[in-house]
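*Asks:* This is the structure I want to talk about, given as structure tokens.
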Amino acid sequence: MPMTSTTPELHELSVAVLAQHLRERKVSALETAQHFLTRVKANESLAAFVDLNEDATLAQARAADQALAAGTAGPLAGVPIAHKDIFVTRDFVATAGSRMLAGYRSPFDATVVQRLGQGLAGNVSGAGMVTLGKVSCDEFAMGSANEKSATPPLGHTSPAPVRNPWDSCRIPGGSSGGSAAAVAARLTPAASGTDTGGSIRQPASFCGITGIKPTYGRASRYGMIAYASSLDQAGPMARSAEDCALLLSAMCGPDLDRDSTSLDVPAEDFSRSLNDSINGLRIGIPKEFFGEGLASDVRAAVDAALKEYEKLGAKLVPISLPRTELSIPVYYIIAPAEASSNLSRFDGVKFGHRAADYTDLVSMYKKTRAEGFGDEVKRRIMVGAYVLSHGYYDAYYLQAQKIRRMIADDFQNAFKTCDVIAGPVAPTVAWKIGEKSDDPVANYLADIFTLPASLAGLPGMSVPAGFGANAMPVGLQLIGNYLQEAKLLNVAHRLQQATDFHLRTPGGF
Ligand code: GLN
């Protein structure tokens, strides 16, 4: 397509508009892929991407063009996507940000990758998206800053933190920080993410983009390298709720043969109610989300978004989620417990790295795991093994499970008086690289507002709501009841029709 100065460039188009242009053959999938690959390579200093395979990307783009010409294309055919490096992929490495899986290639694609792409997942054919490459994440998705990946980003010879496109001295959030930075910098129109305790919502908030974690079980976990299986959930990250709805519709659906916790509910068209009126909508405001720990700049942006909702006819209803603070100790017992079990498979025998020198089997295990895992992963394996051990199981793990149930019940109680819940995603805007990197507890505390919905398995999203200190983006968190993703996306879309925060681009991109 000849571009004039008034025509937006390809990277400025939304997923919805780009898909339309591709369908109308105004632009080819091949040109589109080439355009984005060029941008990715020109912006290696962000450290967002960890792997490209241009031959594979261009082959997928040609296949998308053929399907578009033949009229057999999926709904998002030819639109590029970057996948978090926690999803296994055949054509790209799948390292989970760990030395343990350096250079690892999987013999198959994760269900989410297949459904968004051109493969067949079960008998569901893919949406036709083209994979641009893999993006950085914290090691095994443990982290809130994307400073803890051991996989060197493109153009780097050693590991490096992902940089926030709004201020390259700051973190993008984590663990899906590469996904958020890549979307914010317009290196890709969309990315996949995973959220165990906030890893879609918090980086989306810190980078000024939109992300949704669906109800636990909506998206298959097959081929998602496991961190904490009862919490891990995949979701889309893009600029707008409208785009997230398109992506989520393609990602979700039962996959019971391959993930026994996948929900047996049919895939939905999550775009169907985007434009519904929200007149009379009851938005629950949990008082525990607006306490002392909330920075005043974040509070001001969140309050302004809530005012906007009132103008749109919604009513703000005070609610209480009394165990919000307990979600931190509960999560940091349950998630490490599950991680210690999931990560036992990395033993030098079955997957990835094996120590070069060892004397016997036990020394091989020990050296392999000592070399392969980073500090944060080791810390969590030790915490997890401790809370599951005889004598401590009842005192910690079982207790945490009981409180987890109460946290879920608190939400059900709250949903008796409101339709959705709104509040901040994180207590502050993105912090400086290095500021909290030696203080794991400071990182854990910053998860306070995202953990409750994760523990309850509820859908949650982050919507750009304005800017705080140092002109850094602030996200509004919306939490819905089980399977209410379409409602959440509707509520988010209405805000995005009334505001332009999701359209703002960081300087230089
Ligand atoms: N920050 C949380 C953790 O470190 C959440 C991570 C995630 O959602 N993957 O566990």
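Computed from the coordinates by the stated procedures, all read-outs in this text should not be read as laboratory data. Keep in mind that this is a model prediction, so the values were computed, not measured. Here the Cβ is made from the backbone with ideal geometry for all residues, glycine too, and neighbour counts use every protein chain on show.
*Asks:* Looking only at the stretch 173-219, how many residues end up being part of a loop (DSSP other than H, G, I, E, B) and either more than 13 Å from the ligand (Cβ to nearest atom) or small (Gly, Ala, Ser) (or both)?
*Replies:* 19
*Asks:* Sticking with this structure for a sec: Of all residues in the stretch 242-278, count the ones that are touching a His at 6+ places or on another chain (Cβ under 8 Å) and at positive phi.
*Replies:* Just the residues of the stretch 242-278 that are touching a His at 6+ places or on another chain (Cβ under 8 Å), to begin with: 242, 245, 274-275.
Among the residues that remain, those that are also at positive phi are: none.
Total meeting the criteria: 0.
*Asks:* Pairs under 9 Å by beta carbon, first residue within 18 Å of Ser205 (Cα to Cα) in the stretch 241-252, partner acidic (Asp, Glu) and surrounded by fewer than 24 Cβ atoms within 10 Å (Cβ to Cβ), six or more apart or different chains?
*Replies:* Matching pairs, first to second residue: Ala245/Asp269.
*Asks:* How many residues are of a type in the set (S, T, N, Q) and surrounded by fewer than 24 Cβ atoms within 10 Å (Cβ to Cβ) if we restrict to the stretch 185-232?
*Replies:* Final tally of qualifying residues: 3.
*Asks:* In the stretch 347-372, which residues are within 17 Å of Ser149 (Cα to Cα) and outside any helix (DSSP H, G or I)? Let's see the steps before the verdict.
*Replies:* Restricting attention to the stretch 347-372, the residues satisfying the condition of being within 17 Å of Ser149 (Cα to Cα) are 352-353, 369-372.
Answer for the stretch 347-372, where residues must be within 17 Å of Ser149 (Cα to Cα) and outside any helix (DSSP H, G or I): Gly352, His353.
*Asks:* Please find, among Arg90, Arg25, the residue that is closer than 30 Å to Met142 by Cα, without any contact (Cβ under 8 Å) to a residue 60 or more places away in the chain and of a type in the set (Lys, Arg).
*Replies:* Arg90
*Asks:* Here are some residues: Gly423, Gly460, Gly466, Gly384. Which one is farther than 30 Å from Ala185 by Cα, touching a helix residue (DSSP H, G or I) at 6+ places or on another chain (Cβ under 7 Å) and either surrounded by fewer than 24 Cβ atoms within 10 Å (Cβ to Cβ) or touching a residue at least 24 places away in the same chain (Cβ under 8 Å) (or both)? Walk me through it before giving the result.
*Replies:* Working: Gly423 fails: farther than 30 Å from Ala185 by Cα; Gly460 fails: farther than 30 Å from Ala185 by Cα; Gly466 fails: farther than 30 Å from Ala185 by Cα.
From the options Gly423, Gly460, Gly466, Gly384, the qualifying one is Gly384.
*Asks:* Output the residues belonging to the stretch 140-172 that are among the aliphatic types (A, V, I, L, M), in a loop (DSSP other than H, G, I, E, B) and closer than 21 Å to Pro214 by Cα.
*Replies:* Met142, the sole residue that qualifies.
*Asks:* Can you tell me which of Leu187, Leu231, Leu248 is more than 26 Å from Leu154 (Cβ to Cβ) and touching a helix residue (DSSP H, G or I) at 6+ places or on another chain (Cβ under 6 Å)? Working first, answer last.
*Replies:* Details: Leu187 fails: more than 26 Å from Leu154 (Cβ to Cβ); Leu248 fails: touching a helix residue (DSSP H, G or I) at 6+ places or on another chain (Cβ under 6 Å).
On inspection, the qualifying residue turns out to be Leu231.
*Asks:* Follow-up. So, in the stretch 220-248, exactly how many residues are in a loop (DSSP other than H, G, I, E, B), within 15 Å of the ligand (Cβ to nearest atom) and not charged (D, E, K, R)?
*Replies:* 7
*Asks:* Do we find a residue being within 25 Å of Arg494 (Cβ to Cβ), touching a Lys or Arg at 6+ places or on another chain (Cβ under 6 Å), of a type outside the set (Ser, Thr, Tyr) and away from the ligand (no atom under 13 Å from the Cβ) anywhere in the stretch 257-279?
*Replies:* Yes, some residue in the stretch 257-279 is within 25 Å of Arg494 (Cβ to Cβ), touching a Lys or Arg at 6+ places or on another chain (Cβ under 6 Å), of a type outside the set (Ser, Thr, Tyr) and away from the ligand (no atom under 13 Å from the Cβ).
*Asks:* Could you tell me whether Arg239 is on the phi < 0 side of the Ramachandran plot and touching a His at 6+ places or on another chain (Cβ under 6 Å)?
*Replies:* Answer is yes for this residue.
*Asks:* Look through Asp394, Asp357, Asp347 and report the one residue that is free of Cβ contacts under 8 Å to residues at least 60 places away in the same chain and surrounded by 16 or more Cβ atoms within 10 Å (Cβ to Cβ). Quick ask: steps written out before the conclusion?
*Replies:* Numbers: Asp394 fails: surrounded by 16 or more Cβ atoms within 10 Å (Cβ to Cβ); Asp357 fails: surrounded by 16 or more Cβ atoms within 10 Å (Cβ to Cβ).
Result of the check over Asp394, Asp357, Asp347: Asp347.
*Asks:* Another question, if that's okay. In the stretch 328-380, how many residues are touching an Asp or Glu at 6+ places or on another chain (Cβ under 8 Å) and of a type outside the set (Val, Ile, Thr)? Quick ask: steps written out before the conclusion?
*Replies:* Initially, the stretch 328-380 is screened for residues touching an Asp or Glu at 6+ places or on another chain (Cβ under 8 Å), giving 328, 331, 353, 355, 365, 367-369, 373-374, 376-377.
The next check asks that each one be of a type outside the set (Val, Ile, Thr); those that pass are 331, 353, 355, 365, 367, 369, 373-374, 376.
Counting residues in the stretch 328-380 that are touching an Asp or Glu at 6+ places or on another chain (Cβ under 8 Å) and of a type outside the set (Val, Ile, Thr) gives 9.
*Asks:* Pull up the stretch 373-424, narrow it to residues that are in a strand (DSSP E or B) and of a type in the set (Val, Ile, Thr), then point me to the one that is farthest from the ligand (Cβ to nearest atom).
*Replies:* So, considering only residues that are in a strand (DSSP E or B) and of a type in the set (Val, Ile, Thr), the one farthest from the ligand (Cβ to nearest atom) is Val420.
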